[in-house]
Amino acid sequence: MNHRKKAVFNWSGGKDSALALQKILQENEFEVVSLLTTVTEATQTSSVHSIPLKLLLQQADSIGIPLHPVALSKGMASYAEEMTKAVAHFKSQGVTHFIFGDIFLSDVKSFRESKLNPLGIEVVEPLWGESTEAVCNNFLQSGIRATIIVTQADRLDQTFIGKEINHTLIHSLPTGIDPCGENGEYHTFAYDGPLFKEKIDFKITGIHKTSNHFRLDTGETKRYDYWQAEFK
């Protein structure tokens, strides 16, 4: 009899997400029935890492767990509504837990819990409480391979796009940059390693600059600029 708890893994497509999922699968406490990724409807890319949907689907196929894309028609303004629908969909399948790959951002964890707990979903954070240095070292030892695809423009310049996450790169990061990029300094695309049955075939064909505007708790809107990889 299967006594594992049913869970959905919230998949970003990046290195910390891949490390957290690999850990969850190895520990075998949860039956991960689906990966879930929010996708910007207009661009058909993931809402945080801007990974094309076709590459997210390739990742899921190689991992062997189906992907459930949650389309955001109005950007993050429609996040709560669409996630509530997703929760209802998965609760009907017996899902009781949503798993994330956060490390130390307490406000992010609190936000997830405040939205999901009232819906009867428990939040699981397998990397939570570890130092970013420990998480980084665990990633480097995991066999997972990942490439930088987004940088916050005022923290890391465009020369970091396309670089492989390895010991050399981590030691070359400027002072003040979190080793895992947990403060948003950079995002990655995981494409190979023990988690995947087959290597994900992708190619970075260019780099462009993009901007996002975020509304702060004060009501003020702040603009952030990013260097973004273009894929083939």
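Annotation note: trypsin sites (Lys or Arg not before Pro) in the stretch 152-215 located in DSSP loop regions with a Cβ neighbour count of at most 14 within 10 Å are Lys197, Lys199, Lys203. For trypsin sites (Lys or Arg not before Pro), the sites in the stretch 1-60 that DSSP calls loop and that have at most 14 other Cβ atoms within 10 Å are Arg4. Note that the stretch 91-100 has calculated 3J(HN,Hα) couplings of 5, 5, 9, x, 6, 10, 9, 10, 10, 10 Hz, one per residue in order, obtained from phi through the Karplus relation 6.51 cos²θ - 1.76 cosθ + 1.60 (θ = phi - 60°); glycine and proline are x. The 3J(HN,Hα) values that the Karplus relation (6.51, -1.76, 1.60; θ = phi - 60°) gives for the stretch 194-204 are, in residue order, x, 5, 9, 6, 9, 5, 7, 8, 8, 9, 8 Hz. Gly and Pro appear as x.
Computed per residue of the chain from DSSP H runs no shorter than four, each worth -39500 (n - 2.57), the mean residue ellipticity at 222 nm is -8500 deg cm²/dmol. A simple rule links phi to the HN-Hα coupling: the Karplus curve 6.51 cos²θ - 1.76 cosθ + 1.60 with θ = phi - 60°, which for the stretch 78-86 gives 9, 4, 4, 5, 6, 5, 4, 5, 5 Hz, with x for Gly and Pro.
Any idea what the dipole of the chain comes to, in debye rounded to 20, about its Cα centre with Lys/Arg Cβ at +1 and Asp/Glu Cβ at -1? The partial results should precede the final answer.
Values: 23 positive and 28 negative charges, 117 e Å.
My answer is approximately 560 debye.
Put simply, the amide H of Val39, placed in the peptide plane, has neighbours under 5 Å in Ser47, Val70, Ala71, Leu72, leaving out anything fewer than 5 places away on its chain.
The modelled label-to-label distance for the pair Thr221/Ser78, using points 7 Å beyond Cα in the direction of Cβ, is 1.9 nm. Mean sequence separation of contacting Cα pairs (under 8 Å, at least six apart), scaled by the length of the chain, corresponds to a relative contact order of 20 percent. Label separation (Glu27 vs Lys54): 3.6 nm, computed from points 7 Å beyond Cα along the C-beta direction.
We did not get these values from a lab; they are worked out from the coordinates using the rules stated. A quick note: this is a predicted structure, and the numbers were derived from the prediction, not measured. In this analysis, Cβ positions are derived from the backbone assuming ideal geometry, glycine residues included, and neighbour counts consider all displayed protein chains.
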